[in-house]
1. Anything in the stretch 248-281 that is among the β-branched types (Val, Ile, Thr), modelled with pLDDT of 95 or more and surrounded by fewer than 17 Cβ atoms within 10 Å (Cβ to Cβ)? List them, or say none.
2. Which of the residues belonging to the stretch 155-194 are among the β-branched types (Val, Ile, Thr) and out of contact with any Leu (no Cβ under 9 Å at 6 or more places or on another chain)?
3. Go over the candidates Val186, Val201 one by one and state the one that is surrounded by fewer than 17 Cβ atoms within 10 Å (Cβ to Cβ), among the β-branched types (Val, Ile, Thr), in contact (Cβ under 8 Å) with a residue 24 or more places away in the chain and in contact with a Phe, Trp or Tyr (Cβ under 6 Å, 6 or more places away or on another chain).
4. Scan the stretch 22-39 and give yes if some residue there is under 21 Å from Glu156 (Cα atoms) and assigned to a loop (DSSP other than H, G, I, E, B), otherwise no.
5. Condition test on Asn41, is it in contact (Cβ under 8 Å) with a residue 12 or more places away in the chain and either closer than 24 Å to Glu251 by Cβ or buried (at least 22 other Cβ atoms within 10 Å of the Cβ) (or both)?
6. Contact list please: Cβ distance under 9 Å, first residue in the stretch 58-73 and over 26 Å from Gln187 (Cβ atoms), second residue part of a helix (DSSP H, G or I) and at pLDDT below 95, pairs at least six apart or on different chains.
7. Quick one: would you say Gly277 is within 23 Å of Phe161 (Cα to Cα) and either out of contact with any Gly (no Cβ under 9 Å at 6 or more places or on another chain) or of a type outside the set (A, V, I, L, M, F, W, C) (or both)?
8. Consider Gly195 carefully, then state whether it is closer than 30 Å to Pro16 by Cα, modelled with pLDDT of 95 or more, buried (at least 21 other Cβ atoms within 10 Å of the Cβ) and small (Gly, Ala, Ser).
Amino acid sequence: MSATTRTFDRAPSTLPLMLKAVLPALPVVGGLPGIRHQRGNEPDLVLERRGVTTDPAHLGAYREVCGFEPSTTLPATYPHMAAFALHLALMTDTAFPFAPMGLVHLRNTITQVRPISPDETFDVAVRAADLRPHPKGQLIDLRTDVTIDGESVWRESTALFSRGKGGGPEQAAAPLEGVDPPPAAVQWKLNGDLGRRYGAVSGDRNPIHLHPLTAKAFGFPSNIAHGMWTKAHCLAALDARLPDGFTVDVEFKKPIFLPGTVVFGQAGGPKAGITFGVVGTKKPVPHLVGRVTPLT
């Protein structure tokens, strides 16, 4: 049976979806029909947008907050901006097997088949896939495909972790299993408003990122940096060394509390691949480990 496809003529508004994401976490309300999420397999559902164009002002704001220099091509993480609202729409659908609040963004893989020009128009399709065990719960992927004239030019897989009973060993090794961050050399000082600034650009206004008070309501001592900002800032630091076609895997480790200072390190080269990571300064706690692998 073919999947159900829902097509959007514009990006869904993220603010109502954020509010919808909170409802299943509320006592009593979260158990009501139409709010409670079904338990079971990943939904047989594809969400798509066609004819997506790039707003130069938005692209400029994204470059600024993430640290990318001006360029004739889109940053490798930028198509995630076009997919995020679809991700949120999918996760807030009651057919999605987990309530969104409490999910942990554990891993992210992006494959840039070729650079995308800001002048190009593209289509975006998002689906959930590969519900599987984890030693402390379950994992599920959000898969994104960006196509231009039917050609797949950019792909993303976002692994989300749901903590719970009944987990088990992962059936396949994680992409970065056994990879440690290389020695760190560049210090990044991150302001307390970073989450709000990135949230304004990305639409990801999860309360854990915005303010210490809203983060504390979800059990964090302070607000934390977005994982996708950290990945983007790493790629901005590597931008001059990236090939045209590559896969970049990252695993998100410990959260980065804001404000704070972290250190970035890299090793390797464009042909053999680049390993990179972000660690703490007071303690060498890993926040992110990543690897760039050229396609050819």
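The values are calculated or read from the model by the stated rules, or taken from the named source; none is laboratory data. Remember, predicted model here, so these are calculated numbers, not experimental data. Don't worry about glycine lacking a Cβ; one is built from the backbone with ideal geometry, like all the others, and counts go over all protein chains shown.
1. Hit for the stretch 248-281 is Thr261, nothing else.
2. Val179, Val186
3. The unique qualifying residue is Val186.
4. Among the residues of the stretch 22-39, not one is under 21 Å from Glu156 (Cα atoms) and assigned to a loop (DSSP other than H, G, I, E, B), which makes the answer no.
5. Details: in contact (Cβ under 8 Å) with a residue 12 or more places away in the chain: yes; either closer than 24 Å to Glu251 by Cβ or buried (at least 22 other Cβ atoms within 10 Å of the Cβ) (or both): no.
Criteria not met by Asn41.
6. none
7. Here the answer is yes, as Gly277 does meet what is asked.
8. So Gly195 fits the description; yes.
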